[in-house]
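Engineer: Quick one: the structure is below, and I'll ask about it shortly.
The values are calculated or read from the model by the stated rules, or taken from the named source; none is laboratory data. Quick caveat, the model's predicted, so the values are computed rather than measured. Neighbour counts run over all protein chains shown; Cβ positions are idealised from the backbone, glycine included. Accessible surface is based on the protein model in full, side chains and every heavy atom, while ligands, DNA and RNA are left aside. Shrake-Rupley method; radii C 1.70, N 1.55, O 1.52, S 1.80 Å.
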Amino acid sequence: MRINRTRTFVAALFATTSLYAAPAMAQTARNDVAAEENDDIVVTAQKREENLQDVPISVQVLGTRRLDQLNITNFNQYTQLLPSVAFQSSQPGVTTVYMRGVASGGDGNHSGSLPSVGVYLDEQPVTTIGGTLDVHVYDIARIESLAGPQGTLYGASSQAGTIRIITNRPDASGFDARFDTEINTVHSGGIGGRVEGMVNVPLAEMAALRVVGFYQRDAGYIDNIAGTRALLPQPGGIILNNTPFVEADYNDVEVYGGRAALQIDLNDSWTVTPTVLYQEMNSTGSFGFDTRLGDLQVQRFGPEFRHDRFVQAALTIEGQIGNWDLTYAGAYLDRQAEQSSDYTDYAEAYDSLYASVGGLAGYFYFTNAAGNTISPRQQVVGSDHFKKLSQEFRIASPQDARFRVVAGVFFQRQSNQIFQDYQVTGLAPLLSVNGRPGTLWLTRQERVDRDYAAFGEASFDITDTVTLTAGGRYFKYDNDLIGFFGFGRDPAFVQGAAGNPPPNAAGSSRTGVAGCFTTSGVRLRDAQLAGQANTTLIPGAVPGTPCTNLGVFANGGVVPVRAKDSGFTHRVNLNWDVTDDVLLYATWSRGFRPGGINRRADVGPYAADYLTNYELGWKTSFPGSNIRFNGAIYQQEWKNFQFSFLGVNSFTVINNGPNARIRGIEADLNYSAGGFNFTAAASYTDAETRNNLCAVADPTFTCAAAGNSISAPAGTRLPITPQFKGNVTARYTFDVGQGRAHVQGIVAHQSSASADVRTGPAASLGRLEGFTTVGLSFGIDWSSWTFEAFASNLFDERGQLSRFQQCGNCGQRTYIVPIQPRTFGLRAGYHF
């Protein structure tokens, strides 16, 4: 009912707007394209407004016009045009982003490492562990991609770079509005489309309100086909049938929401801008297809969906004291994601593993209350509830002074309430987690990550053409984790004792209730092994848990496990204005990612990892020939990188791995002449380990100890990032009667990449294959109207966003998450 009310509200908003205008395409370009592309591009990458060509760091920008021209609405689309960016995605809203090859794979788990790339919406960070916030792209001023460590001005989780989404601000100078629609059809799939609208209303001479609303439906294109799975014991066995869930094009997505910003100029010096963003994404089905079954086909045996809702309230205050600029940026983000996943592959894999002892159902005694064998198939129902409070205060001296500074303080607290319920239909209460009949395994934890920092950068013009910039950031992080994970267990039972329930009733000796703290401060398994009479459990510290096994006993209770540390990052930059149109720069910078906690008691915490960057770059523009050419070459040293992987029983473990070395070059070119505009961008990345990656953490990297082995030898290429990635866009605009028509083509290519840094899993998963996509569009602007026909992925390439196996290293079915198949569509729009 809540979803229906939201849809009704959004529909009413658009219906009201349509009383004044018919649908229109999201595009404002009615003038000569070349003139538009050669406008000065203003960015705020260094916490100041500056011309792109004057910023001595590697910044790629997608401005309003280009975002509209390329019909970009989401994260996957705009990152295709940012050569330094790579990402893994299992479904919409579950995406981990990487930059410049800083990727070890396996990141993104809710109790794993923090991201290595920061994401900002205007002045506020929106980086979360459970996947990059996929903000709907509409009425966006620009997207800035800052490659390389941004550890000074942006801090934690900007180790490899930062992506900034800058919205259009309210404008008190006049009324403005637009309305846009699209309808499309996906090859081998269904019908999709979207409606979007924006209105900017001056409220007074010094105040304005800007409101955006949108609804988008992406059609499904993966079919859940009929099939069965046969599990032991045999003969007869357990036959699973997916008939109730068979459906064509079942991976559809709906996204809707809105954004509002109020800007109030208190006087000539002070401006207050409160904003609020609401977005909800609902998806069904699986977004990876099974390579064993054929193109765009899977067999799933339970309901699959994801609901991802987030709200952000933000406040920015900007002003001046004397001629110094002051900025306060605060925000509160609340994100809730609920998900249901079919876990049949896990049962199939482990059924094969235990085939010699009667299969999974037989070995682990999957029975109902009457003692009859039942299907061991699991359905995982879970949620993550993220909350983020961030506050930054900074001050900047006059920008035209020979010596100038930017300095500030920053605080951030982000939490996540983690819940995963592995359900087995009909499971006996004694085989279930205590107090939760039918739950084989429960994860319920609370994670908190805190960041404190003081930062500053100072620039000094040594001469009229040479500037030295130096800055640093002192940081402290304090992260904690508490809760429960694992199987159930009756405290009166001793695993393996005569007359006691079977193994998964007594529980694992390392996880679940067996590892919970008793009132004497001893874990249950240890108390029983020592023959202690007191096996009374301390009640769960996290609501909804039977007890606590992830924590530290203190003062008669259990407190969170903590990981905290402090450190310093720096940036030193020397830039030379060779001429008014040529800038050269050299940078030495460092970024970091905080350490954290492993859930397993037998695996210690992991430390922060650091990335040091050495970079030479250039910014060139040639006004007479309408050419802009920017680029950079770099080498990065990644020390003891954090490495997340699924260990025993598909249990996430994070270690500090070896060192890595990354070399690369990136460049972008823009040329305009008359009505023709040409844009190209590309990157080459050579990223490899410098030491052996060991199966068990080893500071010597020899992996020679008993029980250890080499997971990846020194010189192994880092995963996910293609060695080459690039794109070319050409657009020609010409007069047609009273209108202005355009033809546009875009070609994007990326080479292959490994899906995992470890040799064994990489071979099992197979490589992420290289691919090339082509998009074409033709349209016309007529007065305030715009119309366009387009085709994306014209040759229906199966570009691979990621490869995964549901149960980690089980060597079973490999799934490929593809880009959207060939899509044809029509767009129309009206700009008031």
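Engineer: Convert 10 °C to kelvin, take the viscosity as 1.306 mPa s, use the Kirkwood radius over C-alpha pairs of the range 550-624 as Rh, and evaluate the Stokes-Einstein diffusion coefficient in µm²/s, rounded to a whole number.
Structural biologist: The diffusion coefficient I find is 96 µm²/s.
Engineer: What ranking of Leu315, Leu70 comes out by heavy-atom accessible area, probe 1.4 Å, highest first? Walk me through the intermediate numbers first.
Structural biologist: Values: Leu315 60, Leu70 30 Å².
These residues rank, largest area first, as Leu315, Leu70.
Engineer: Could you work out, for the range 622-741, what percent of all Cα-Cα pairs fall into each 10 Å distance bin, beginning at 0 Å and stopping at the bin that holds the largest distance?
Structural biologist: 11, 27, 21, 15, 12, 9, 4, 1
Engineer: Leaving out ligands, DNA and RNA, what percent of the accessible area of the range 32-184 is carbon and sulfur, probe 1.4 Å?
Structural biologist: On the way: 1500 of 3310 Å².
Carbon and sulfur atoms account for 45 percent of the accessible area of the range 32-184.
Engineer: Quick check for you: with a 1.4 Å probe and neighbouring chains kept, what is the accessible area per residue of the range 270-325, in Å²?
Structural biologist: Working: 2090 Å² over 56 residues.
On a per-residue basis, the range 270-325 sits at 37 Å².
Engineer: Let me ask something else about it. So what's the gap between the Cα centers of the range 140-187 and the range 217-289, to the nearest angstrom?
Structural biologist: For the range 140-187 versus the range 217-289, the Cα centre distance is 22 Å.
Engineer: Divide the volume of the convex hull of the Cα atoms of the range 202-351 by its number of residues and quote the answer in cubic angstrom per residue. Please list the in-between numbers first.
Structural biologist: Numbers: hull volume 23.8 nm³, N = 150.
Looking at the range 202-351, the number lands at 158 Å³ per residue.
Engineer: Oh, and also: Please report the projected area of the range 671-721's Cα convex hull averaged over all directions, in nm². Let's see the in-between values first.
Structural biologist: Values: hull surface 20.0 nm².
Answer in nm², one decimal: 5.0.
Engineer: Which three lengths, in whole Å and largest first, does the range 340-413 cover when its Cα atoms are put on their principal axes?
Structural biologist: Here the Cα extents, ordered largest to smallest, are 80, 26, 16 Å.
Engineer: Looking at the calculated P(r) for the range 50-122, what percent of the C-alpha pair distances fall above 16 Å? Display every interim value, and only then the final one.
Structural biologist: Working: 1561 of 2628 pairs.
I get 59 percent for the Cα pairs in the range 50-122 exceeding 16 Å.
Engineer: Which cross-chain or sequence-distant (5 or more) residues have an amide H under 5 Å from the amide H of Asp252, H modelled 1.01 Å from N in plane?
Structural biologist: Counting only residues 5 or more places away or on other chains, the set is Gly220, Thr284.
Engineer: OK, next. For the range 697-757, compute Rh as the Kirkwood radius over C-alpha pairs and then the Stokes-Einstein diffusion coefficient at 20 °C and 1.002 mPa s; write the answer in µm²/s, rounded to an integer.
Structural biologist: Numbers: Rh = 16.5 Å.
My calculation gives 130 µm²/s for D.
Engineer: Over the Cα atoms of the range 511-564, what Rg and Dmax result, in angstrom?
Structural biologist: Here Rg and the maximum Cα pair distance are 10.8, 37 Å.
Engineer: How much length, in nm to one decimal, is gained on full extension between Val603 and Ala141, taken as 0.36 nm per residue of separation minus their Cα-Cα distance?
Structural biologist: This chain segment gains 161.7 nm when fully extended.
Engineer: Further, regarding this structure: For the range 308-382, divide the Cα radius of gyration by the Kirkwood radius and give the resulting Rg/Rh value with two decimals.
Structural biologist: Values: Rg = 26.7 Å, Rh = 17.3 Å.
Checking Rg against Rh, the ratio lands at 1.54.
Engineer: If you don't mind, another one. How would Glu144, Glu50 line up by accessible area, probe 1.4 Å, largest first? Provide the component values of the computation, followed by the final result.
Structural biologist: Values: Glu144 0, Glu50 30 Å².
Per-residue accessible area, sorted high to low, gives Glu50, Glu144.
Engineer: In whole Hz and in residue order, list the ³J(HN,Hα) couplings for the range 603-617 that follow from phi through the Karplus curve 6.51 cos²θ - 1.76 cosθ + 1.60, θ = phi - 60°; x for Gly and Pro.
Structural biologist: The phi angles translate into 10, x, x, 10, 8, 4, 10, 10, 10, 10, 10, 10, 9, 10, x Hz.
Engineer: Another question, then. Report the extension gain between Asn500 and Val696 in nm, rounded to one decimal, defined as 0.36 nm multiplied by the number of residues separating them, less their alpha carbon distance. Could the numbers behind the result be given before it?
Structural biologist: On the way: separation 196, 0.36 × 196 = 70.56 nm, distance 3.44 nm.
Separation in residues times 0.36 nm, less the Cα-Cα distance, equals 67.1 nm.
Engineer: Which of the lysines could a cross-linker bridge to Lys725, judged by Cα under 26 Å and excluding same-chain residues fewer than eight apart?
Structural biologist: In chain and number order, the partners are Lys619, Lys639.
Engineer: Using the Cα atoms of the range 108-264, I'd like the radius of gyration and the largest Cα-Cα distance, Dmax, both in angstrom.
Structural biologist: Computed over the Cα atoms of the range 108-264, radius of gyration and Dmax are 22.8, 82 Å.
Engineer: Hey, another quick one. Distance in nm between label sites at Leu574 and Ser752, each 7 Å beyond Cα in the beta-carbon direction?
Structural biologist: 4.3
Engineer: Where in the range 369-400 does the label zone of Tyr328 land, with the point 7 angstrom along Cα→C-beta and an amide N cut-off under 18 Å?
Structural biologist: 389-396
Engineer: Further, regarding this structure: So if the hydrodynamic radius of the range 595-645 is defined as the Kirkwood radius over C-alpha pairs, what does Stokes-Einstein give as its diffusion coefficient at 37 °C and 0.692 mPa s, in µm² per second?
Structural biologist: Values: Rh = 14.8 Å.
Rounded, D is 221 µm²/s.
Engineer: If you don't mind, there's one more thing I want to ask. Using Cα positions and a limit of under 12 Å, work out the aspartates and glutamates in reach of Lys476, with same-chain residues fewer than 8 apart set aside.
Structural biologist: By straight Cα distance, Lys476 reaches Asp449, Asp451, Asp565.
Engineer: Which shape class applies to the range 705-832: rounded if a/c is under 1.5, otherwise prolate when a/b exceeds b/c and oblate if not, where a ≥ b ≥ c are the square roots of the Cα gyration tensor eigenvalues? Write down the numbers at each step before the final one.
Structural biologist: Numbers: a/c = 4.34, a/b = 3.04, b/c = 1.43.
Since a/c reaches 1.5 and a/b is larger than b/c, the shape of the range 705-832 is classed as prolate.
Engineer: Order Asp735, Asp609, Asp54 by their accessible area, 1.4 angstrom probe, all chains in place, largest first.
Structural biologist: Numbers: Asp735 110, Asp609 0, Asp54 90 Å².
Of Asp735, Asp609, Asp54, the descending order of accessible area is Asp735, Asp54, Asp609.
Engineer: Return the carbon/sulfur percentage of the accessible area of the range 272-314, one whole number, probe 1.4 Å, all protein chains in place.
Structural biologist: Values: 820 of 1310 Å².
Accessible surface attributable to carbon and sulfur in the range 272-314 totals 63 percent.
Engineer: Give me the angle, in degrees from 0 to 90, between the Cα long axis of helix 344-353 and the longest principal axis of the Cα atoms of the chain, rounded to the nearest 10.
Structural biologist: Around 50 degrees separate the two axes.
Engineer: What distance in nm lies between label points placed 7 Å from Cα along the C-beta direction at Val736 and Ile239?
Structural biologist: About 6.0 nm separates the two model spin labels.
Engineer: Next question. How far apart, in nanometres, would the label points at Ala369 and Phe832 be if each is projected 7 angstrom from Cα along the Cα-to-Cβ direction?
Structural biologist: Result: 6.3 nm between the two label points.
Engineer: Could you give me the ³J(HN,Hα) list for the range 472-479, computed from phi with Karplus coefficients 6.51, -1.76, 1.60 and θ = phi - 60°, whole Hz, x at Gly and Pro?
Structural biologist: Coupling constants for the range 472-479: x, 9, 8, 10, 9, 10, 9, 10 Hz.
Engineer: Please give the solvent-accessible surface of Trp785 in Å², to the nearest 10, using a probe radius of 1.4 Å with every protein chain present.
Structural biologist: Number for this one is 80 Å².
Engineer: Can you pull the percent of the range 706-759's accessible area that's carbon plus sulfur, 1.4 Å probe, other chains left in place?
Structural biologist: Working: 1300 of 2190 Å².
Taking all protein chains in place, the range 706-759 shows 60 percent carbon and sulfur surface.
Engineer: Would you mind giving the average projected area, over all directions, of the Cα convex hull of the range 751-794 in nm² with one decimal? Mind showing how you got there, number by number?
Structural biologist: Working: hull surface 19.1 nm².
Convex hull of Cα atoms, orientation-averaged projection: 4.8 nm².
Engineer: Please report, in Å, the Rg and the Dmax of the chain, where both are computed over Cα atoms only.
Structural biologist: Gyration radius and largest Cα-Cα distance of the chain: 27.8, 93 Å.
Engineer: Once the Cα atoms of helix 2-18 and of the chain are each reduced to a long axis, what angle between those two axes, in degrees from 0 to 90 to the nearest 10, is obtained?
Structural biologist: Once rounded, one gets 10 degrees.
Engineer: What number do you get for the range 197-237 when its Cα radius of gyration is normalised by 2.2 N^0.38 Å, N = residues? Write out the running numbers ahead of the final one.
Structural biologist: On the way: Rg = 27.6 Å, N = 41, 2.2 N^0.38 = 9.0 Å.
In units of the globular-protein estimate, the range 197-237 measures up at 3.06.
Engineer: FRET efficiency for Thr463 and Gln635, Cβ-Cβ distance as r, R0 = 35 Å, nearest 0.05?
Structural biologist: On the way: r = 28 Å, r/R0 = 0.80.
With a Förster radius of 35 Å, E is 0.80.
Engineer: Quote the accessible area belonging to Ser752 in square angstrom, nearest 10, computed with a 1.4 Å probe and with ligands, DNA and RNA left uncounted.
Structural biologist: Approximately 50 Å² of Ser752 is accessible to the 1.4 Å probe.
Engineer: Per the helix-only calculation at 222 nm, which mean residue ellipticity applies to the chain, given -39500 (n - 2.57) for every DSSP H run of n ≥ 4 and division by its residues, nearest 500 deg cm²/dmol?
Structural biologist: Details: 9 runs with 65 residues, N = 832.
Computed ellipticity for the chain at 222 nm equals -2000 deg cm²/dmol.
Engineer: For the range 242-312, what is one quarter of the convex hull surface built on the Cα atoms, given in nm²? Could you put the intermediate results ahead of the total?
Structural biologist: Values: hull surface 28.4 nm².
Directional mean of the projected Cα hull area for the range 242-312 stands at 7.1 nm².
Engineer: Moving on. Enter the accessible area per residue of the range 557-656 (Å², integer; probe 1.4 Å; all protein chains in place). Present the calculation step by step, with values, prior to reporting the outcome.
Structural biologist: Values: 4090 Å² over 100 residues.
Each residue of the range 557-656 exposes 41 Å² on average to a 1.4 Å probe.
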